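Data block below; observations after.
The values are calculated or read from the model by the stated rules, or taken from the named source; none is laboratory data. What you see is a predicted model; the values in this text were computed from it and never measured. Quick reminder, even Gly has a Cβ in these numbers, built from the backbone with ideal geometry, and neighbours come from all protein chains shown.
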Amino acid sequence: MRNVHVSLGLPGTDAASAFRRVKDFARYPELVPVVRAVTVRETGESEETSDWEVYFRNGILRWTERDLFSPDTGVIAFAQLDGDFETFSGTWRVEADGPTASRVDFDADFDFGIPSLAGILDPVAERVFKETIARVVTGLFGEAVVLGDEALTRALALAPAPVAVSAVA
């Protein structure tokens, strides 16, 4: 199983506002072209189910996840219910970092369930996760600072965010 961690600072955004924006998964396809679609099905105030389609390598990863929201603790927990991963789960954690700033931490564990390809797929998936999460958060807030990951900071600086293209049906 592989773990992904991304930490981003949000100067000028309080934790409550940051939490509300991060949980708006339906907006993610507007922010990064790698996220093809997110369909949110609300099942309650603190819980929803969401269907995801994400471009990966030469195909599309699909999964359905259960999302649990805890605004009091700033935690969004998610776990795949069905989909292309063998296992996929994690958390978004939003915390205050001063009176007018916050910090967003994304942690996920994933396993494609293909041991013979793990050495090839897992590092690519980890890189895609990190870059996508950083671009989503930057898109949500207009400004975000990668914390503690110089390789991710360099990757984002070297490859500007691609422009999302919308298809008209």
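Listed residues R21, R2; which is among the basic types (K, R) and under 15 Å from A134 (Cα atoms)? After ruling out the rest, the residue left standing is R21. In this structure, is G90 in contact with a helix residue (DSSP H, G or I) (Cβ under 7 Å, 6 or more places away or on another chain), closer than 24 Å to R41 by Cβ and touching a residue at least 24 places away in the same chain (Cβ under 8 Å)? Here the answer is no, as G90 does not meet what is asked. Checked against (1) touching a Phe, Trp or Tyr at 6+ places or on another chain (Cβ under 8 Å); (2) surrounded by fewer than 14 Cβ atoms within 10 Å (Cβ to Cβ), L10 meets all criteria but (2). Scanning segment 28-37 for residues that are farther than 17 Å from L61 by Cα and surrounded by fewer than 16 Cβ atoms within 10 Å (Cβ to Cβ) returns a single hit, E30.
Looking at this structure, is V165 in a helix (DSSP H, G or I), out of contact with any Gly (no Cβ under 7 Å at 6 or more places or on another chain) and either at pLDDT below 90 or at negative phi (or both)? If you could, list the steps in order and put the result at the bottom.
Numbers: in a helix (DSSP H, G or I): no; out of contact with any Gly (no Cβ under 7 Å at 6 or more places or on another chain): yes; either at pLDDT below 90 or at negative phi (or both): yes.
Taking the combined requirement at face value, the residue does not satisfy it.
Can you tell me how many residues in segment 6-35 are among the acidic types (D, E) and either at pLDDT 95 or above or outside any helix (DSSP H, G or I) (or both)?
Within segment 6-35, the subset among the acidic types (D, E) is 14, 24, 30.
Subsequent filtering for residues that are either at pLDDT 95 or above or outside any helix (DSSP H, G or I) (or both) retains 14, 24.
Summing the residues that are among the acidic types (D, E) and either at pLDDT 95 or above or outside any helix (DSSP H, G or I) (or both) in segment 6-35 gives 2.
None of V94, V137, V40, V145 is within 25 Å of G9 (Cα to Cα) and surrounded by fewer than 18 Cβ atoms within 10 Å (Cβ to Cβ) except V145.
Given the criterion among the hydroxyl-bearing types (S, T, Y) and without any contact (Cβ under 8 Å) to a residue 12 or more places away in the chain, identify the matching residue among T43, T64, T49. Lay out the reasoning, then the answer.
Working: T64 fails: without any contact (Cβ under 8 Å) to a residue 12 or more places away in the chain; T49 fails: without any contact (Cβ under 8 Å) to a residue 12 or more places away in the chain.
Result of the check over T43, T64, T49: T43.
Within segment 60-105, track down each residue that is small (G, A, S) and either within 16 Å of T39 (Cβ to Cβ) or not in a loop (DSSP other than H, G, I, E, B) (or both).
First, pick out the residues of segment 60-105 that are small (G, A, S): 70, 74, 77, 79, 83, 89-90, 96, 98, 101-102.
S70, A77, A79, G83, S89, G90, A96, A101, S102, listed by residue number.
Could you tell me whether segment 104-123 includes any residue that is touching a strand residue (DSSP E or B) at 6+ places or on another chain (Cβ under 7 Å), at pLDDT below 80 and surrounded by 14 or more Cβ atoms within 10 Å (Cβ to Cβ)? Taking every residue of segment 104-123 in turn, at least one turns out to be touching a strand residue (DSSP E or B) at 6+ places or on another chain (Cβ under 7 Å), at pLDDT below 80 and surrounded by 14 or more Cβ atoms within 10 Å (Cβ to Cβ).
If the condition is being among the β-branched types (V, I, T), more than 15 Å from the chain's Cα centre (by Cα) and more than 24 Å from R103 (Cα to Cα), then segment 10-48 contributes only T43.
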